[in-house]
Amino acid sequence: MGRGELSPVFEACLGLPPGTLDVPDDADLRGLLDGRTKNPDPKTPVAADAMRRALDGVAKPTLRKWFWPDARPFAVFLSHDVDEVRWSWRRRLLMGVRHPGTLVHPNDRYWNFERVLELEKRFGVPSSWYFVADGGHPRDPPYRLRDVAAVMRDLQAKGQEIGVHGSYLSYRDSAMLRREREAIGEALGRPPPGVRQHFVNFDADATWRLQQEAGFAYDATLA
């Protein structure tokens, strides 16, 4: 970044029109924003403080863009990683050892979609649901896409967002991510926009690029 190029960065982050700010060059701050240097004191919000100072220095009235409806002071992103819909044989065995009575109960303790929908309806909020598409790793969820295709379509019809819960190894494989996105998209009738990687598997140098190559519009792993 050269002199003056911090201004559009600050304006974009603060939701201000171009040309509002005149931020002086700061090599340390540029390095921090570029990711080339680390904040020596992580508890001090250096970038946020610099943006606040720049905003305080604006004398004329400014138009600010709001990033969620009605200028609310905060927003909440509700989401669910669908890791298990019924007890796997491993969990059933484990719970049977701890609580033998569970062995005679129906295996539907995790099929709680309607229960969650009722809770959300009570508070007037929707959410996002991330489903796995037939992972093959031992740590992948123990269900298949055919087991949840109908409930995914039902959730989508009720205004919920459906996304991909990228399988255990997909964080480093663009082709795998694309196949999983296409499989869920075929079940839904439209491609899902978002992804969250299972087990929080993530490579900062590669995963976002691979997700973009696979066609995703956003990633929610680090949220």
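The values are calculated or read from the model by the stated rules, or taken from the named source; none is laboratory data. Note that the structure is a prediction, hence the values are computed from the model and not measured. Note: ideal-geometry Cβ built from the backbone for every residue, glycine included; neighbour counts use all protein chains shown. Quick note on the areas: whole protein, heavy atoms, side chains included, nothing else; ligands and nucleic acids left out. Shrake-Rupley method; radii C 1.70, N 1.55, O 1.52, S 1.80 Å.
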For Gln197, other-chain or 5+-apart residues with amide H closer than 5 Å (H placed, Pro excluded) are Gly166, Ala220, Thr221
Between Glu186 and Gln212, how high is the FRET efficiency from 1/(1 + (r/R0)^6) when r is the Cβ-Cβ distance and R₀ = 25 Å? Nearest 0.05.
0.75
Rel. contact order, % - alpha carbon contacts under 8 angstrom, at least six apart, the chain
13
State the Kirkwood hydrodynamic radius of the range 72-183 in Å, one decimal place, computed from all pairs of distinct Cα atoms.
15.8
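Exactly which chymotrypsin sites (Phe, Trp or Tyr not before Pro) in the range 46-145 are in a DSSP loop and have at most 16 other Cβ atoms within 10 Å?
On the way: sites: Trp66, Phe67, Phe74, Phe77, Trp87, Trp89, Tyr110, Trp111, Phe113, Phe123, Trp129, Tyr130, Phe131, Tyr143; in loops: Trp66, Phe67, Phe74, Phe77, Trp87, Tyr110, Trp111, Tyr143.
Within the range 46-145, the qualifying chymotrypsin sites (Phe, Trp or Tyr not before Pro) (loop, at most 16 other Cβ atoms within 10 Å) are Trp66, Phe67, Phe74, Phe77, Tyr110, Trp111.
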Does anything in the range 187-209 have its amide N under 15 Å from the 7 Å Cα→Cβ label point of His137, and if so which residues?
196-204, 206-208
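First measure r as the distance between the Cβ atoms of His105 and Asp203, then evaluate 1/(1 + (r/R0)^6) with R0 = 41 Å and state the FRET efficiency to the nearest 0.05. Walk me through the numbers on the way to the answer.
Numbers: r = 41 Å, r/R0 = 0.99.
Step by step, r from the Cβ atoms, then E = 0.50.
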Which of the peptides 210-223, 95-108, 187-200, 25-38 is most tightly packed, and how do the rest follow, going by the mean number of other Cβ atoms within 10 Å of each residue?
187-200, 210-223, 25-38, 95-108
For Ile162, what residues show an amide H to amide H distance below 5 Å, using hydrogens built from the backbone and excluding near sequence neighbours?
Trp129
State the percentage of accessible surface on the chain attributable to carbon and sulfur atoms; use a 1.4 Å probe and exclude ligands, DNA and RNA.
54
Theoretical ellipticity at 222 nm over the chain - DSSP helices of four or more residues, -39500 (n - 2.57) apiece, nearest 500
-11000 deg cm²/dmol
Straight-line reach from Lys43: which aspartates and glutamates fall under 18 Å, measuring Cα to Cα and dropping same-chain residues less than 8 apart?
Asp28
Just to confirm my numbers, what's the Cα centroid distance between the range 191-207 and the range 66-112 in Å?
20
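Where only protein heavy atoms count, and the probe is 1.4 Å, what is the accessible area per residue for the range 91-130 in Å²?
Numbers: 2950 Å² over 40 residues.
Ligands and nucleic acids excluded, the result is 74 Å² per residue.
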Output wanted: per-residue J couplings in Hz (rounded whole) for the range 15-29, from phi through Karplus 6.51 cos²θ - 1.76 cosθ + 1.60, θ = phi - 60°, x for Gly and Pro.
x, 9, x, x, x, 6, 10, 10, 8, x, 5, 8, 4, 5, 5
How large is ³J(HN,Hα), in whole Hz, for each residue of the range 84-96 in order, when computed from phi with the Karplus curve 6.51 cos²θ - 1.76 cosθ + 1.60 and θ = phi - 60°, using x for Gly and Pro?
9, 10, 9, 4, 6, 5, 5, 5, 5, 5, 4, 5, x
Along the range 142-159, what does the Karplus equation 6.51 cos²θ - 1.76 cosθ + 1.60 (θ = phi - 60°) give for ³J(HN,Hα), rounded to whole Hz, x for Gly and Pro?
x, 10, 10, 4, 5, 6, 10, 4, 5, 6, 4, 5, 5, 4, 5, 5, 8, x
Along the principal axes of its C-alpha atoms, what lengths does the chain span, in descending order and rounded to whole Å?
70, 39, 38
Cβ-based charge dipole, the chain, positive-most Cα from Ala133, Thr37, Gln211
Ala133
